[in-house]
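To start, the structure itself, in structure tokens.
The values are calculated or read from the model by the stated rules, or taken from the named source; none is laboratory data. Nothing here was measured: the structure is a model prediction, and the numbers come from that model. Here Cβ is always computed from backbone atoms with ideal geometry, including for glycine, and neighbour counts include all displayed protein chains. Accessible surface areas use protein heavy atoms only, side chains included; no ligands, DNA or RNA. Shrake-Rupley method; radii C 1.70, N 1.55, O 1.52, S 1.80 Å.
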Amino acid sequence: MKDRTVLHIEDNEYNRKIVRQLLSRTSFKLIEAADGEEGVAVAQRELPDLILMDVQLPKLSGLDATRQLRADPRTAKIPLVVVTSFALSGDDRRAMDAGASAYLAKPYSPRDLMALIHKFLPDN
Amino acid sequence: MQRTTAAERTPPTVVALLASPLGILVRAVARIRASVHVKLLAAFLVITLLFIAMTAVSLLAVTETARQTTLLDEAHERVGWSRQIEHALAMQMHFTSMALLSQSADSVSLILRENNRFNDTLERLQTAAPAEERALIQAIRGAQDDAMATVADIANALRDRRLAEAMTALRTEQEPIYQKIEALVSSLVAAEEQRMARLRASIAASQSRSLRLTAGFAVASVALALLAGFVISWSFILPVREARGFLSEVAEGRFGGKIVVPNRDEFGALAEHMNRMSEELHRLDDEQRVAAERLHSLNDRLALASRAKSEFLANMSHELRTPLNAILGFTEIMHDGLYGEVPPELREPLVDIQTNGRHLLRLINDVLDLSKIEAGRLELGVTEYSVQEIVDVVHTSLKSLAIEKGLTFTATVPPDIPTAWGDGRRLTQCLLNLAGNALKFTRRGRVDLDVRLEGEWLTYRVTDTGIGIPKDEIDKIFAEFRQVDTTITREYGGTGLGLSITKRLVEMHGGRIGVDSELGKGSTFFFTVPLHTDGERA
């Protein structure tokens with residue numbers, strides 16, 4: 001079976017590194033993007049199995065990028081987790097309104113993130 | 001501009017009046033520098049004087065008529081006397097004839113009596129007669145003397161029995177004299193009658209003249225009274241109308257209009273006062289407008305600043321969380337052995353990093369929450385929520401801390417509490433704050449959570465056996481950055497924002513927060529919210 005791909009869109013190198021470390025021990029293939037525009041382009045090109053989208057991104061915000069991906073029929077069905085700034089800020093509601101499959105408040109526990117990834121991409 | 005609007009309200013008849021010469025007169029009267037009192041008095045005085053003059057003229061006319069009537073009476077009397085003279089003359093002739101017929105001189109004495117009457121009457125006539133008749137009367141008197149001489153001749157002739165001579169004297173001398181006297185008396189009567197006719201005509205003329213004069217005066221008085229009344233009253237009404245128009249403009253909030261009246265009386269003074277008032281109102285209105293504009297622009301700037309602040313806070317929130325995410329994330333994956341087995345001596349410092357990182361996160365959350373509440377940007381997400389679930393979440397997340405401190409920690413929710421409406425997550429935050437504080441400030445004993453439903457109100461309560469709060473501090477503990485004692489901050493930690501945020505969130509739900517406490521014994525914090533919060537009240 002083909003390795004499943006996770007697209008991580010995040011502008012902070014250290015946070016990308018954490019996910020990179022987390023997924024290095026798994027069979028998931030990780031691709032990364034550092035801003036909203038690049039994220040949308042990579043998603044449309046690579047059609048990943050799961051997208052992790054930070055809410056605040058350069059060039060194109062995470063919410064706008066989510067809306068664009070949801071508007072594109074090729075990417076409309078891909079599970080998409082928005083990493084919100086703060087659960088109580090209202091970002092979570094806006095993320096769900098934009099079309100996110102789930103949201104995760106920052107700072108998140110890596111264990112919680114892995115649990116969420118496994119939820120959307122269960123082992124066979 | 002305001003003047004035009006004031007004129008528009010004036011009825012067309014008044015406009016026509018003001019354009020007419022009468023209007024000029026009205027304005028002229030208004031311009032007279034005298035008080036209203038004096039003007040009214042003067043008008044009444046003029047009218048009264050006119051009536052007095054009219055009365056005087058009437059009186060004069062009546063007097064003149066009376067004088068002429070007297071003259072007429074006198075003339076009438078003189079005519080009567082003339083008739084008496086004529087009568088006496090006839091009697092004289094009669095007695096003379098009688099003397100001749102009886103051929104005796106006895107009748108002559110009767111003639112003398114008639115003569116005396118004649119002379120008396122003539123005397124009276126002469127006294128009363130106007131100058132031009134004197135000559136005529138004198139002629140009559142002369143003729144009468146001649147007649148009496150003839151009578152004496154006749155009487156002598158009769159006495160001497162000279163009858164023929166007496167007859168001749170009568171026929172040739174006395175008769176022509178009597179005829180002459182008769183003619184003279186007749187002309188006198190005619191003259192008097194003519195005079196009477198003239199007097200009658202004159203009386204009639206003077207009566208009609210006095211009637212005309214009186215009527216003229218009456219008409220003039222009435223006309224003048226009307227004119228004076230009209231002019232005076234309009235000289236007062238015009239400024240009053242102007243004032244009414246002006247005041248209704250002021251009432252409609254249009255200030256700065258000017259009232260222009262020609263009056264130099266009390267109305268003029270009033271208009272001047274109103275103009276000053278108008279100027280003052282206009283000035284105040286302008287000032288107020290400028291102030292309002294300034295306030296408006298200030299408000300705009302403040303709104304802009306507030307928005308900028310909120311945006312800054314939102315950005316800052318994310319910016320702070322991003323490195324914190326990395327710190328906590330790396331610590332956790334290191335702790336979980338992702339980088340290989342962690343040496344035992346490094347486990348504790350790793351946990352310390354994690355604990356302090358989480359504390360920093362809580363502080364950031366509190367500060368941002370309060371900033372949002374202050375900016376009015378915090379919205380409640382009102383949905384259905386389970387009271388049981390809230391209490392469970394709080395109990396579960398704090399249970400380990402209670403166990404760590406060796407405290408009894410219970411949570412009690414009556415089973416019959418229905419589903420409630422409100423922002424469940426915010427209420428969880430509130431209860432977490434209260435319960436967290438209770439655990440923090442209690443060294444021994446217990447902390448108990450419970451919920452009660454009374455009517456439509458839910459009360460969440462946290463009771464502890466902690467250090468308690470001094471009475472004089474109870475009112476202050478809900479204020480921002482407030483802990484009872486700064487040493488407490490050092491010993492127990494915390495930002496001092498938790499209670500303040502909790503209070504605001506409870507109030508946004510339409511509820512209230514309170515505390516009962518006894519120093520050294522413990523505290524009971526509680527908040528009461530409606531079972532159904534209808535929405536946000538921030």
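A few remarks follow.
- Packing-based ranking, highest mean first, of B:128-135, B:520-527 given that Cβ atoms within 10 Å are counted: B:520-527, B:128-135
- Backbone N under 15 Å from the B:Glu319 label point (7 Å along Cα→Cβ), restricted to the stretch B:360-375: B:368
- Spin-label pair B:Ala183/B:Arg444, simplified geometry with 7 Å Cα→Cβ offset, distance in nm: 17.8 nm
- For the listed peptides B:427-440, B:33-46, a ranking on the average number of other beta carbons within 10 Å per residue, highest first, reads B:427-440, B:33-46.
- Ellipsoid semi-axes in whole angstrom, largest first, where each is sqrt(5λ) of the Cα gyration tensor of the stretch B:166-285: 89, 9, 5
- Separation of the stretch B:92-116 and the stretch B:243-276, taken as the distance between their Cα centroids, equals 106 angstrom.
- 10 Å Cβ neighbours from other chains, averaged over peptide B:327-336: 5
- B:Phe51 - accessible surface, heavy atoms, 1.4 Å probe, Å² rounded to 10: 90 Å²
- Stretched out straight at 0.36 nm per residue, the stretch from B:Thr410 to B:Ser233 would grow longer than its current Cα-Cα span by 54.3 nm.
- When the protein assembly as shown is described by a simple charge dipole with +1 on each Lys and Arg Cβ and -1 on each Asp and Glu Cβ, the residue from B:Gln103, B:Leu304, B:Gly520 located farthest towards its positive end is B:Gln103.
- The angle between the Cα long axis of helix B:344-374 and the longest principal axis of the Cα atoms of chain B comes to about 10 degrees, rounded to the nearest 10.
- The charge dipole of the protein assembly as shown, taken about the Cα centre with unit charges on the Cβ atoms of Lys, Arg (+1) and Asp, Glu (-1), comes to about 500 debye, rounded to the nearest 20.
- A 1.4 Å probe over all protein chains sorts A:Met114, A:Met53 by accessible area into A:Met114, A:Met53, starting with the largest.
- Cα-Cα over 28 Å, subset of A:Lys77/B:Lys309; B:Lys309/B:Lys440; A:Lys106/B:Lys440: A:Lys77/B:Lys309; B:Lys309/B:Lys440
- Charge dipole (Cα centre; +1 on Lys/Arg Cβ, -1 on Asp/Glu Cβ; no other charges) of the stretch B:126-190 amounts to roughly 160 debye.
- In chain B, the calculated helix contribution to ellipticity at 222 nm averages -25500 deg cm²/dmol per residue, counting -39,500 (n - 2.57) for every DSSP H run with n ≥ 4.
- Heavy-atom accessible area order for B:Leu346, B:Leu17, largest first, 1.4 Å probe: B:Leu346, B:Leu17
- Residues B:Ala42 and B:Ala215, FRET efficiency given R0 of 22 Å [Cβ-Cβ distance, rounded to 0.05]: 0.25
- Here B:Lys471 is the anchor, and the aspartates and glutamates within straight C-alpha reach of less than 19 Å, apart from those fewer than 8 places off in the same chain, are B:Glu480, B:Asp485, B:Asp516, B:Glu518.
- In chain B, the longest principal axis of the Cα atoms and the axis of helix B:424-440 are about 60 degrees apart.
- The stretch B:328-368 shape via C-alpha gyration tensor axes, a/c threshold 1.5: oblate
- The alpha carbon gyration tensor of the stretch B:309-448 gives principal lengths a ≥ b ≥ c with a/c of 1.5 or higher and a/b no greater than b/c, which makes the shape oblate.
- On association of chains A and B, roughly 2300 Å² of accessible area becomes buried (total for both chains; probe 1.4 Å).
- Charge-dipole axis of the stretch B:174-297 as Lys and Arg at +1 and Asp and Glu at -1 on Cβ define it, positive-most pick from B:Phe236, B:Val189, B:Gln288: B:Val189
- Judged by the ratio a/c of the largest to the smallest principal axis of the C-alpha gyration tensor, the stretch B:227-275 counts as prolate, that ratio being 1.5 or greater while a/b is larger than b/c.
- Accessible-area value, A:Lys29, 1.4 Å probe, nucleic acids and ligands omitted, Å²: 100 Å²
- Sorted peptide list for B:299-312, A:32-45, criterion being average Cβ within 10 angstrom, highest first: A:32-45, B:299-312
- Helix-only [θ]222 nm of chain A, DSSP H runs n ≥ 4, -39500 (n - 2.57) each, per residue, nearest 500: -12500 deg cm²/dmol
- Calculated SAXS-style log₁₀ I(q)/I(0) at q = 0.11, 0.14, 0.21, 0.23 Å⁻¹ - the stretch A:9-82, Debye, Cα scatterers: -0.24, -0.39, -0.87, -1.03
- Counts of other chain beta carbons within 10 angstrom of each beta carbon in peptide A:22-32 average 1.
- Principal-axis tilt of helix B:106-128 within chain B, Cα atoms, nearest 10 degrees: 30 degrees
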